[in-house]
Amino acid sequence: PVYVFRKAGEAEILEPYEVEQVLAMAKMRNKTSHIYKEEVADYVAKAAAPNLALMLQFITRLKP
């Protein structure tokens, strides 16, 4: 996903600040890949919720 987000920024599908936001989200998600602690999962879920609108906009922008 990081590559896709960077390319979306280069193609001006995402604004520079949006690229930073989604890269931070991807980094946070990657931290949970091999950590099996409920409190970490809860933190990531709460932190990801505000990014839902941005991800929905991104998907809409990709549609032809």
Using modelled amide H (1.01 Å from N, peptide plane; none on Pro or chain starts), what sits under 5 Å from the amide H of L14, excluding residues fewer than 5 places away? G9
Looking only at lysines whose Cα falls under 23 Å of K63's and that sit 8 or more positions away or on another chain, we get K7
Given (1) 10.5, 27; (2) 12.8, 40; (3) 14.3, 45 as possible values of Rg and Dmax of the Cα atoms in Å, the one from the coordinates is (2)
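Provide the packing ranking of 43-52, 16-25, 1-10, 30-39, i.e. peptides ordered by the mean count of other C-beta atoms within 10 Å per residue, highest first.
Numbers: 43-52: 11.9, 16-25: 15.3, 1-10: 13.6, 30-39: 9.1.
Highest-to-lowest ranking by the protection proxy: 16-25, 1-10, 43-52, 30-39.
Sorted by accessible area (1.4 Å probe), largest first, how do R61, R29 line up?
Largest accessible area first, the residues go R29, R61.
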Tell me, what is the per residue accessible area of the chain in Å², probe radius 1.4 Å? 79 Å²
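The values are calculated or read from the model by the stated rules, or taken from the named source; none is laboratory data. As the structure is a computational prediction, the values presented were derived from the model and not from experiment. Here the Cβ is made from the backbone with ideal geometry for all residues, glycine too, and neighbour counts use every protein chain on show. Side chains are part of the model used for accessible areas, which takes the heavy atoms of the whole protein and leaves out ligands, DNA and RNA. Shrake-Rupley method; radii C 1.70, N 1.55, O 1.52, S 1.80 Å.
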